[in-house]
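This is the structure, below, for whatever I ask next.
Bear in mind these aren't lab numbers, they're just calculated from the coordinates by the rules spelled out. From a predicted model like this one, the values you see are computed outputs, not experimental measurements. Note that each Cβ is placed from the backbone with ideal geometry, even for glycine, and that neighbours are counted across all protein chains shown.
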Amino acid sequence: MPRNEPPSDIEASGDAILSVVVGMGAFQTVARRLLRDAGLPEVRAGEWYPMHSWIQAFGALATNVGERTLFLVGTKIPETAMLPPNIVDVASALGAIDVGYHMNHRRSGAPMFDPATGTIRPGIGNYALTAAGAGWATLVCDNPYPCDFDCGIVHGFAARFAPDRLLVRVTHGDDGCRKTGAQSCSYRVRWV
Ligand SMILES: [Zn+2]
């Protein structure tokens with residue numbers, strides 16, 4: 001189970017949930033059953049659902065499908081994600097993950113990213129771009145989603161904007177992992 005439990009007044013967008021379910025491919029039936037078990041019998045685009053229930057279903061799903069599938073599902077998220085027009089390269093794409101993440105969650109009915117002010121509201125952790133240079137970047141994830149899924153998301157965003165997507169590498173930092181009880185995971189991204 002993910003360690004960083006979301007507060008009870010947070011909701012996740014149906015669109016975000018469905019992008020994961022559809023990305024599950026052959027595991028879609030399992031995913032929908034686990035959603036039902038978690039109290040989400042029917043998920044629709046444009047609707048909002050308790051993040052707590054979604055994370056519960058996702059945790060159960062993670063133990064069912066394995067790390068490789070979680071990674072692959074993560075890599076598919078950026079392929080369909082809508083991105084602001086100022087995303088032009090890998091570094092700006094990696095910096096925008098956190099904005100997209102917060103746009104897909106809301107608290108007490110209010111979006112967790114305010115485009116008018118550019119403000120991100122706290123409460124669900126982050127996909128924080130903590131350092132970047134020529135051909136490399138570091139992200140720290142302390143959100144409730146599974147490590148391998150996040151690793152896939154990071155890889156997918158980098159691959160979408162890298163000159164050669166086959167040369168994108170994401171390695172997990174050796175400073176702890178949420179799978180073994182750490183508060184966050186760090187990922188080192190390299191591309192050419
Ligand atoms: Zn990890």
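For the stretch 120-185, compute the orientation-averaged projected area of the C-alpha convex hull (one quarter of its surface), in nm². Write out the running numbers ahead of the final one.
Details: hull surface 20.3 nm².
Quarter of the Cα hull surface area: 5.1 nm².
Using the beta-carbon distance between residue 86 and residue 47 and R0 = 25 Å, what value does 1/(1 + (r/R0)^6) give for FRET efficiency, to the nearest 0.05?
Working: r = 29 Å, r/R0 = 1.15.
Efficiency at R0 = 25 Å is approximately 0.30.
Between the stretch 33-86 and the stretch 156-172, what is the C-alpha centre distance in whole Å?
Rounded to whole Å, the Cα centres lie 22 Å apart.
Next up: Under a 10 Å cutoff between Cα atoms, tell me which one of 50, 85, 41 has the largest fluctuation in the Gaussian network model of the chain.
85
Report the residue, chosen from 80, 117, 130, that carries the largest GNM mean-square fluctuation when the chain is represented by alpha-carbon nodes joined by springs under 10 Å.
Per the Cα network of the chain with a 10 Å cutoff, 117 tops the list.
So what is the 222 nm mean residue ellipticity for the chain from helices alone, if each DSSP H run of at least 4 adds -39500 (n - 2.57) and you divide by all residues, rounding to the nearest 500 deg cm²/dmol?
Values: 6 runs with 78 residues, N = 192.
Per the formula, -13000 deg cm²/dmol.
A further question follows. Quick one: in the chain, what % of C-alpha pairs are over 24 Å apart?
Details: 6393 of 18336 pairs.
For the chain, the fraction of Cα-Cα distances above 24 Å is 35 percent.
In terms of the ratio Rg/(2.2 N^0.38 Å) built on C-alpha atoms, what value belongs to the stretch 69-144? Present the calculation step by step, with values, prior to reporting the outcome.
Values: Rg = 13.0 Å, N = 76, 2.2 N^0.38 = 11.4 Å.
The stretch 69-144 yields a ratio of 1.14.
Could I ask something else about it? How large is the Kirkwood hydrodynamic radius of the stretch 1-91, in angstrom, based on all distinct alpha carbon pairs?
On the way: mean 1/r = 0.0718 Å⁻¹.
Mean inverse Cα-Cα distance, inverted, gives 13.9 Å.
In addition: If you take the square roots of the eigenvalues of the alpha-carbon gyration tensor of the stretch 49-105 and sort them as a ≥ b ≥ c, do you get rounded (a/c under 1.5), prolate (a/b over b/c) or oblate? Walk me through the intermediate numbers first.
Values: a/c = 3.20, a/b = 1.63, b/c = 1.96.
Oblate, because a/c is 1.5 or more while a/b does not exceed b/c.
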